[in-house]
Amino acid sequence: MKETIELSIDSNLEFVDMVGSVTKNVTTKLGFDDEDASWIELAVHEAVINAITHGNRNAADKQVEVRYEVEPECLTVFVRDYGAGFDVSRLPDPTNKDNLLNPNGRGIFYMRTFMDEVEHSLHPEGGSLVRLTKHRRSA
C-alpha cells in the first residue's frame, strides 16, 4: 500500500526547515535508521534549496511542490519547481580538482551519493522535477 504526502511551499528559504521536519517524520515512520534518515533529509533539503534558488530564482509568485510516496520498502520524494529547467549533464563535476574548493555545485552530488535513485527531468507543464528514491535496508 502506498501513502502520499504533498506539500506546496512558497519560494522562500524559510520553509526549507519545515520540509526537513516532514522528511524526518516520514523516515521515522518508515523505520529508516538514523544514518539513512539523516542522508535522506540532506538530499531532500538540497533538492528543495535548488528548486527555490536555481529553479524558481526565489520568485515569490512561484511554488515548490514536494510529494512523498511512502511504500513499505522505499521512500520516493518528488521535488518540482516552476522555473525554466536545466540540463543536469552540463553541471561541473564537484569532485574535479578544479572544483574542489568551490562551495557551489554540491547539492546534486549529495543527492546522487546518498539516495539509491536520482532522476532529473523537465515537467511536461513546465519546470524541473527531481525524483529521489531510497530503499530500506534489510534487517
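The values are calculated or read from the model by the stated rules, or taken from the named source; none is laboratory data. Note that the structure is predicted; figures quoted are calculated from it, not measured. Cβ atoms come from the backbone with ideal geometry, glycine included; neighbour counts cover every protein chain shown. Each accessible area value is taken on the protein alone, full model and side chains, heavy atoms only, with ligands, DNA and RNA left out. Shrake-Rupley method; radii C 1.70, N 1.55, O 1.52, S 1.80 Å.
Residue by residue through region 29-47, note down the ones that are within 8 Å of the chain's Cα centre (by Cα) and either among the acidic types (D, E) or under 15 Å from T76 (Cβ atoms) (or both).
Within region 29-47, A43, V44, E46, A47 meet the criteria.
Among (1) out of contact with any His (no Cβ under 9 Å at 6 or more places or on another chain); (2) modelled with pLDDT of 70 or more; (3) of a type outside the set (G, A, S), which single condition is P92 missing?
Going through the list (1) out of contact with any His (no Cβ under 9 Å at 6 or more places or on another chain); (2) modelled with pLDDT of 70 or more; (3) of a type outside the set (G, A, S), P92 breaks only (2).
Among the numbered conditions (1) touching a residue at least 60 places away in the same chain (Cβ under 8 Å); (2) open to solvent by less than 70 Å² (accessible area, probe 1.4 Å), tell me where R67 comes up short.
Condition not satisfied by R67: (2).
When you scan region 105-137, how many residues do you find that are in a loop (DSSP other than H, G, I, E, B) and surrounded by 18 or more Cβ atoms within 10 Å (Cβ to Cβ)?
2
Residue-by-condition table, conditions (1) touching a strand residue (DSSP E or B) at 6+ places or on another chain (Cβ under 6 Å); (2) surrounded by fewer than 17 Cβ atoms within 10 Å (Cβ to Cβ); (3) over 16 Å from V70 (Cα atoms):
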site: K2; (1), (2), (3): yes, yes, no
site: I5; (1), (2), (3): yes, yes, no
site: S21; (1), (2), (3): no, yes, no
site: E35; (1), (2), (3): no, yes, yes
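Being on the phi < 0 side of the Ramachandran plot, in contact (Cβ under 8 Å) with a residue 40 or more places away in the chain and not aliphatic (A, V, I, L, M) is the filter here; which residues of region 38-60 pass it?
Residues satisfying the conditions are W39, E46, N50, T53, G55, N56.
Within the set of pairs 6 or more residues apart or between chains, which connect a residue that is closer than 17 Å to T4 by Cβ inside region 16-37 to a residue that is surrounded by 13 or more Cβ atoms within 10 Å (Cβ to Cβ) and acidic (D, E) with Cβ atoms less than 8 Å apart?
Close Cβ pairs (under 8 Å, with a partner that is surrounded by 13 or more Cβ atoms within 10 Å (Cβ to Cβ) and acidic (D, E)) amount to T23/E41; T27/D36; T27/E41.
Starting from residues that are open to solvent by 10 Å² or more (accessible area, probe 1.4 Å) and in contact with a Ser or Thr (Cβ under 6 Å, 6 or more places away or on another chain), keep the ones in region 50-64 and report whichever is nearest to G127 (Cα to Cα).
Of everything passing the filter in region 50-64, G55 is nearest to G127 (Cα to Cα).
Could we say that A47 is open to solvent by less than 40 Å² (accessible area, probe 1.4 Å), at pLDDT 95 or above and touching a Leu at 6+ places or on another chain (Cβ under 6 Å) here?
No, not satisfied.
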